[in-house]
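Below is one structure, written out as structure tokens, with a few remarks after it.
The values are calculated or read from the model by the stated rules, or taken from the named source; none is laboratory data. Since this is a predicted model, take the numbers as computed values, not measurements. Because the Cβ atoms are built from the backbone with ideal geometry, glycine has one as well, and the counts that use them run over all protein chains shown.
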Amino acid sequence: MNDTILRFGYPATLIADYRHWMVLLRPDQPTLGSLVLASTSEAKAFGSLPAEAYAELGMVSAHIEAALSRAVSYEKINYLMLMMVDPHVHYHVIPRYAGSRSAEGLTIADAGWPKVPALGEAVKLDTDQVKRLAGWIKGHWRR
């Protein structure tokens, strides 16, 4: 388990795991259903991932998009590979929508819509909210 995955709250935030990727609930939610798509490798550069990770990425992103479409009916989806603080290869997956979405007692507006995501205005989840929201998203997951 690399430090980036641990930093994003694994195992409490785990939504789905694959051979080369893990999908985690993002503990800070700029929009409802925001996730982290993290490589399970120790690679710190996108170009350093094994070829198999790229092949699997297509399937994983399709699973993400299907689940988030069911969960929050997003209008657009942003995959942000920022890697400024957390060094291992990962994306922030931000479902985008006009207005707000609600689930599990949370209502979160997309404060940046229709421009860049307002990451600084994210809702910070507590332990109980992480558990409930992760369970809710898992309920929309199909493999």
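Across segment 86-98, the qualifying residues are those that are under 18 Å from Glu121 (Cα atoms) and in contact (Cβ under 8 Å) with a residue 60 or more places away in the chain, and the one among them that is farthest from the chain's Cα centre (by Cα) is Tyr97. When we screen Glu75, Glu104, Glu56, Glu42 for residues that are more than 24 Å from Leu125 (Cα to Cα) and either at pLDDT below 95 or out of contact with any His (no Cβ under 6 Å at 6 or more places or on another chain) (or both), the only hit is Glu42. Only residues that are in contact (Cβ under 8 Å) with a residue 24 or more places away in the chain, of a type in the set (D, E, K, R), surrounded by fewer than 17 Cβ atoms within 10 Å (Cβ to Cβ) and within 23 Å of Leu80 (Cα to Cα): list them for segment 104-129, please. Glu121, Lys124, listed by residue number. Considering segment 16-62, and only residues there that are hydroxyl-bearing (Ser, Thr, Tyr) and over 11 Å from the mean Cα position of the chain (by Cα), the residue that is farthest from Val89 (Cα to Cα) turns out to be Tyr18. Criterion applied to Arg101, Arg132, Arg70 was being of a type in the set (Lys, Arg), touching a residue at least 12 places away in the same chain (Cβ under 8 Å) and touching an Asp or Glu at 6+ places or on another chain (Cβ under 7 Å), and the one residue passing it is Arg132. Just checking, does segment 32-49 include any residue being buried (at least 18 other Cβ atoms within 10 Å of the Cβ), touching a helix residue (DSSP H, G or I) at 6+ places or on another chain (Cβ under 6 Å) and in a loop (DSSP other than H, G, I, E, B)? Yes, segment 32-49 has at least one match.
Tallying residues that are among the aliphatic types (A, V, I, L, M) and out of contact with any Ser or Thr (no Cβ under 8 Å at 6 or more places or on another chain) within segment 90-143 yields 11. The set of residues from segment 63-100 being touching a Pro at 6+ places or on another chain (Cβ under 8 Å) and either part of a loop (DSSP other than H, G, I, E, B) or over 19 Å from Val36 (Cα atoms) (or both) comprises Tyr74, Ala98.
Listed here are the residues, each with its yes/no results for (1) in contact with a Phe, Trp or Tyr (Cβ under 8 Å, 6 or more places away or on another chain); (2) aromatic (Phe, Trp, Tyr).
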| site | (1), (2) |
| --- | --- |
| Lys44 | no, no |
| Glu65 | no, no |
| Val72 | yes, no |
| Met83 | no, no |
| Pro87 | no, no |
| Tyr91 | yes, yes |
